[in-house]
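Comments concern the structure below.
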Amino acid sequence: MVVEFGAYSHVGKVRKNNEDSYYIPSNKYGIENLFMVADGMGGHNAGDVASKMLVREIADYFKLNIDKVNKSREIKELMLDAVHHANKIVYDCSLSDERYEGMGTTLTMAYFFGPKLCIAHVGDSRAYVIYKDSIEQITKDHSLVQDLLENGSITEEEIDNHPQRNVITRALGTDEEVKIDYYERKIDEKYIILLCTDGLINHVTSQEIIDISKESKDLSELARRLTIEALDDGGTDNITVIVAKYNDRAKER
């Protein structure tokens, strides 16, 4: 089946630079069914460098090796190998140039593989599945507030206003080795997949995402409207949104 998709990225209302990067199949590599969002961090323009470099290196690695993949076990290995490969390149760059010292980036990466959605994840960007009147967060944030929530130090209600809610505990490019979360789930044309950086989640609730998804005529409009909703609520960070789904009659937008 064809994968239909829409994407939108905005610098927001506060930041000077957009340090988010993303990949969709219409980008120059043309790898079908592959999607990525990455939220860079670091001084000056280093976050922008980290996220762009990571996405580029993963796409390069994927393009060289995707033809060898025939099984879901092999796609998992390819995804993890690609992320490890790109992480090492970003890390080495941060050591070789003092302008990029300490740079890093999050990553949420999705690949549609037959009836399965395969996801690799590091950081606090997220992947969701939207289905009718429900939304499910697939990934788990690698963040300080997530750790505090899990050990009972704070409640769900305290997360949004916690002074350290933007502190992440795992990123790419900050160490030579990295632990990558991997998820698989069965999907069909009824499910919309949402990948986003925290610039969306900080301003748009799960119910608002569901409502906007039901009101939007297509995925390009959905990505744009979600971004506008985040901007209208303050837009305090860069915002990047990708939405994708299987559709037999889909045309790429």
Consider only pairs whose beta carbons are under 7 Å apart and that are at least six residues apart or on different chains; among these, list those whose first residue lies in segment 140-158 and is in contact (Cβ under 8 Å) with a residue 12 or more places away in the chain and of a type outside the set (Val, Ile, Thr) and whose second residue is outside any helix (DSSP H, G or I) and surrounded by fewer than 10 Cβ atoms within 10 Å (Cβ to Cβ).
Leu144/Gln164
May I ask you to list the residues in segment 214-248 that are within 16 Å of the chain's Cα centre (by Cα) and either over 25 Å from Ser51 (Cβ atoms) or part of a loop (DSSP other than H, G, I, E, B) (or both)?
Asp237, Asn238
Among the listed residues Leu95, Leu54, which satisfies the condition of being at negative phi and crowded, with 24+ Cβ neighbours inside 10 Å?
Leu54
Out of Arg185, Arg170, I need the residue that is within 25 Å of Glu32 (Cα to Cα) and among the basic types (Lys, Arg). Which one?
Arg185
Looking only at segment 160-181, which residues are surrounded by 15 or more Cβ atoms within 10 Å (Cβ to Cβ) and on the phi < 0 side of the Ramachandran plot?
His162, Arg165, Asn166, Ile168, Arg170, Ala171, Leu172, Thr174, Val178, Ile180, Asp181
Acidic (Asp, Glu) and touching a Lys or Arg at 6+ places or on another chain (Cβ under 7 Å): which single residue out of Glu176, Glu221, Glu156 fits that description?
Glu176
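Each row is one residue, and each column tells you yes or no for (1) modelled with pLDDT of 95 or more; (2) touching a Phe, Trp or Tyr at 6+ places or on another chain (Cβ under 6 Å); (3) acidic (Asp, Glu).
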site	(1), (2), (3)
Asn151	no, no, no
Arg165	no, no, no
Tyr182	yes, no, no
Arg185	yes, no, no
Ile192	yes, no, no
Ala230	yes, no, no
Val241	yes, yes, no
Can you go through Ala86, Ala110, Ala82 and tell me which one is under 13 Å from the mean Cα position of the chain (by Cα) and at pLDDT 95 or above?
Ala110
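The values are calculated or read from the model by the stated rules, or taken from the named source; none is laboratory data. This is a predicted model, so every value here is computed, not measured. With ideal geometry, Cβ positions are generated from the backbone for all residues, glycine too; neighbour counts draw on all protein chains shown.
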